[in-house]
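Coordinate-derived values only; no laboratory data. Worth saying up front: this structure is predicted, and the values here are computed from it rather than measured. Heads up, the Cβs are rebuilt from the backbone with ideal geometry, glycines too, and the neighbour counts pull from every protein chain shown.
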Amino acid sequence: MNLNELLPLAVIASSLVPALLIFTLPEESVRLRTALNLFAAITKIILVGALLIGVRGGEDYAFRHTVLPGMDLVFKVDALALLFVSLSAVLWLFTTLYAIGYLEHAPNRSRFFGFFSLCVTATMGIAMAGNLFTFFIFYELLTLATFPLVVHRGTPQAMRGGTIYLAYTLVGGALLLAGIVWLHHLAGHTEFVQGGLGNALHGINPTILQAVFLLLIAGVGVKAAIVPLHGWLPQAMVAPAPVSALLHAVAVVKAGAFGVVRIVYEIYGIEFVQTLGVLLPLAVIAAITILWGSLRALFQDDLKKRLAYSTISQVSYIVLGVALFGPLGTIGGLVHLVHQGIMKITLFFCAGNFAETLGIHKVSEMDGAGRRMPLTTLAFSIGALGMMGAPLTAGAVSKAWLSDGAAAAGMDWAIWVLTASSLLNAAYFLPILYRAWFRPAPDSWPHEEIAARGWRETAWLLLLPPLFTATATIGVGIFADAAFSPLAWAQLIARREYVSLGQ
Amino acid sequence: MNLILDPLAWLILLPLLWATLAFVATDRYGPRLAIAGLVGQLLCAAMLAQDVASHGSIGHLAGGWAEPLGIRLFADGLSAVMLLLTQGVALALVLYARSYFSQATPPAFWTLTGFLIAGMNALFLSGDLFNLYVTLELVGLAAVGLVAAGGGAAQIAAALRYLLATLVGSGAYLFGVALIYGSYGTVSASLLGQLINAEAPIAVWLAAGLMLTGLLLKTALFPFHFWLPPAHGGAPAPVSALLSALVVKASFYLFLRLWLGPFAALTEAQPWLAQLPAALGASAILWGSWQAIRADRLKVLIAYSTVAQIGYLFLIFPLFGTGALALQAGILQVTAHGLAKAAMFIAAGTLIKVSGSERVLGVAGAAVHLPVTLFAFALAGVSLMGLPPSGGFLAKWLLIDAALDQGHEWIAGIAIAGGLLAGIYVFRVLRLAFRVTIADDEAAPLRPAAVLEWTALALAAASILLGLFAMPLINLLAGVTR
């Protein structure tokens, strides 16, 4: 087995092995667990770094293992896979740091970190899957590994959130399975190919292909929280903040959006999807989701719920970008996959800080929080401004490319959707910022747990991750043209997808 | 072949030997004998599988006597898979039982287990219909004995019900065999295939109907499942595991053999017949799952899950077209369910032992107190739900693929719906386990012996790993003649 086969396996192993080890650790061995977690996260980042350099240079990394006759477990590291892999690997490190701080003194940490690593493993598998069969294996593994995290607190609300999460995702998984086996039966295989399966799909009744497309998109649409399949996401916000970060930025909704990308570009092929006439409906559904999520966010007083509806809206930017026929929209959608992750994780980290430090759970309790916790509030503000698409942030880059994509595709209505969404984003984020910065603080906070010491407004490990990701939000906006920026990488992917189309 | 080195003969003789020795030995030595014997049997089964993989099917007359005096032993890939599964699962279960029964072993537990395994091994290796009857009877009576060994009034009642079912089942089978012998003057499965193909008088149709129905009764296919939930739900955990994981599979194996072998001419002449087992299978999935969702007691829930999972086995019958998909799907399901269900029953046994409550609600808080056992339960559940990666998933995939291949879309639909229903009853247990119980920190219940937890985990992990390494099993099945 050579290095190019081994590296994808190593990326999987770098979180799978620690997950299994952590399960066996006794609750008290905090140091060992922390060391193991950080070692694993850093190892993964190094591995991903090596892959980034290799893939940019045109190297192929693939691993293949036959499970059943004609059905292989395939890990393939292409540019698209790496976009998701590097996002998750980097955010995993920050989330791990944050979770160590967040869960200090909480019970059942071995279980928590074990399943957390397992989730990241599943995400890596989803990103590197070389066919739908492999994709499905890890997609369902992600469902199973997130459930214990969602119900981690064991309270009745957590149980309810977990049950609703399962109901949606298991049904989604069943639809996806039906679609995949059907496609496998029709086309003979489900390998991801740049430009789509092409000839294997020609000559098949278009109505059947539309039905299969519907099943597949509905299957991944549950995790991507596309309306009307989004109901689980606001319920799942009962989970601890690091889990919300995982659901909203690192793994779950991203896995769904990523699935849409793979299915549209590398199973059906963007041109074929266009001729099937399902691209426009997809764009319309994405647009509805964008507006619906933003509208609902306006009316949520619970901070995390507001963020959850915001996620529903923002993730469909990715779907919209995919559904805009043309490379500009593709780039906009793909880059938003990364940008939304960085911005949303910042917001959830900050929401967790407000809750853990001051007991603030509601928007109406945010008055004056900026004076008490200026750094957290600053990070929150950067994330929120990014979501609105303010200049010099990650969000501005995404929205610019998406608008250009919509214009190039001749879908001017999509530009209006994006504009309306930006206005709605401002409408539900600005009041929070106003309250935090400009309203006077109340006499006492709802439940102050961590006292301020000097300028250190909360625990180190809670403060540093959001500051890093907030910096990154600005960084990827300002340095969008740098060599390894998400934008440059999205352009690389689009170039490769559309070159293969031309051939 | 030399009898001394013959794995086929030893697979039958060894369990008979240790069963007999265990009868005269004290309780102290029973488990040791069983474990040593099963290790030997597992080696024999592995050798046999190796042999079959390289030479195709093997068969010969034990003792060197010609038929009808000699007993014809026969093994192909299908038998090899069944034998491996039986020895592997049984070994884990006796390890578990040894610790589970550390206080008091039910009377004759080791002896009955030995006879049960000997009967099953003989069943997998026999090639004539009358010997098969003898093995069926041996398996059935040993199984009834094990259920009754629980000792309580409910167990005795369940055992009597089970006894009735198994006697009626084997009686019907024997009647069929007699009719066949009367028609053709032979009971050799290999000879009968051609004879029935040439001419099938009405008596043979009747015989086939009786034999297959008798086997359905023993396999507890809906609506013949009435005896299973009390028997499997009421027996001690290692016995439940043995019955649910292996024993019902033995009569299914025979049903499949007859269907594809001697009676192939009949079933091919009337293709609509294949819809019958499939329709019953679909009903079993829906009814069994529904009852599992409603069950109040944990082991009854698992027993109804067996009723549902048996249903999958019978969905394959309309799908034997040109390809090998249906057979692969069926045998993968047998294997995956065997491993997963054994794991689930013994995990439940440990949960019940520790919590002291037989109810599903007794699981509350187990995620904290019994993480290893709960993890085993969950992994087994993954396979039962048919979620990847697991043997159950591959079986479901192949089943759906075969259904689409043969144009029976409704079977694909049932398979997918059944997975979701299984999701409901499995997560009904799992989510309870995560519920925080009030007296959480103080007085954590006693930790059970490690072997109770790890045997369950090993079986469950095997059902998961089967989902990644199924090729050896598929290759074994490649040579099975249909």
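Computed from the C-beta positions of A:Gln210 and A:Leu6 and an R0 of 56 Å, the FRET efficiency is 0.90 to the nearest 0.05. Per the Cα gyration tensor, region A:114-195 maps to an equivalent ellipsoid with semi-axes of 29, 15, 7 Å, ordered largest to smallest. Taking the helices alone, chain B has a mean residue ellipticity at 222 nm of -24000 deg cm²/dmol, built from -39,500 (n - 2.57) per DSSP H run of at least 4 residues and averaged over all its residues.
A Cα-only calculation for region A:278-503 places Rg and Dmax at 18.5, 68 Å. The share of Cα pairs per 20 Å bin across the protein assembly as shown, counted from zero up to the longest distance, runs 14, 42, 31, 12, 1, 0 percent.
For chain A, the mean residue ellipticity at 222 nm estimated from helices alone is -24000 deg cm²/dmol, where every DSSP H run of n ≥ 4 contributes -39500 (n - 2.57) and the total is divided by all residues, rounded to the nearest 500.
Label separation (A:Arg456 vs A:Thr155): 2.8 nm, computed from points 7 Å beyond Cα along the C-beta direction. Using R0 = 51 Å, the C-beta based FRET efficiency linking A:Leu25 and B:Ala203 works out to 0.15. Close amide H partners of A:Ala129, meaning residues 5 or more places away or on another chain with modelled amide H under 5 Å apart, are A:Lys76. Computed from backbone phi, the HN-Hα couplings of region B:71-87 come to 9, 7, 9, 8, 9, 10, x, 5, 4, 4, 4, 4, 5, 4, 4, 4, 5 Hz, rounded to whole numbers (Karplus: 6.51 cos²θ - 1.76 cosθ + 1.60, θ = phi - 60°; Gly and Pro given as x). If the segment from B:Leu17 to B:Gln275 were pulled out straight at 0.36 nm per residue, it would be longer than the present Cα-Cα gap by 88.6 nm.
In order along region B:359-373, the phi-based Karplus estimate (6.51 cos²θ - 1.76 cosθ + 1.60, θ = phi - 60°) of 3J(HN,Hα) comes to 7, 4, 4, x, 6, 3, x, 5, 4, 8, 7, 10, x, 5, 5 Hz; Gly and Pro are listed as x. Each residue in A:Val476, A:Val120 was given a count of other beta-carbon atoms within 10 angstrom of its own, and listing them fewest first yields A:Val476, A:Val120. Taken one residue at a time, the phi angles of region A:460-467 give Karplus couplings (6.51, -1.76, 1.60, θ = phi - 60°) of 3, 5, 7, 7, 5, x, x, 5 Hz. Gly and Pro are set to x. In this calculation the C-beta distance from A:Tyr434 to A:Ala62 is compared with R0 = 35 Å, giving a FRET efficiency of 0.10.
Axis angle, to the nearest 10 degrees, between helix B:275-294 and the longest C-alpha principal axis of chain B: 10 degrees. For B:Asp128, the residues whose amide H sits under 5 Å from its own are B:Ala189, ignoring neighbours fewer than 5 places away on the same chain, with H placed 1.01 Å from N. In terms of surrounding Cβ atoms within a 10 Å radius of their Cβ, B:Thr111, A:Thr275, A:Thr134 rank from fewest to most as A:Thr275, B:Thr111, A:Thr134.
Counting only other residues whose beta carbon sits under 14 Å from that of A:Leu298, what net charge do I get with K and R as +1, D and E as -1? For residues surrounding A:Leu298, the net value is +1.
The label-point distance for A:Thr471 and A:His202, in a model that sets each label 7 Å from Cα toward Cβ, rounds to 5.4 nm. Taking the number of Cβ atoms within 10 Å of each Cβ as an exposure proxy, the fewest-first ranking of B:Cys44, A:Cys119, A:Cys350 is B:Cys44, A:Cys119, A:Cys350. The C-alpha atoms of chain B define a longest principal axis, and helix B:30-55 lies at about 50 degrees to it. Close amide H contacts of A:Lys362 (hydrogens built in the peptide plane, cut-off under 5 Å, sequence separation of 5 or more or a different chain): A:Leu303. Between 0 and 90 degrees, the angle of helix B:450-465 with respect to the longest Cα principal axis of chain B falls at about 50 degrees.
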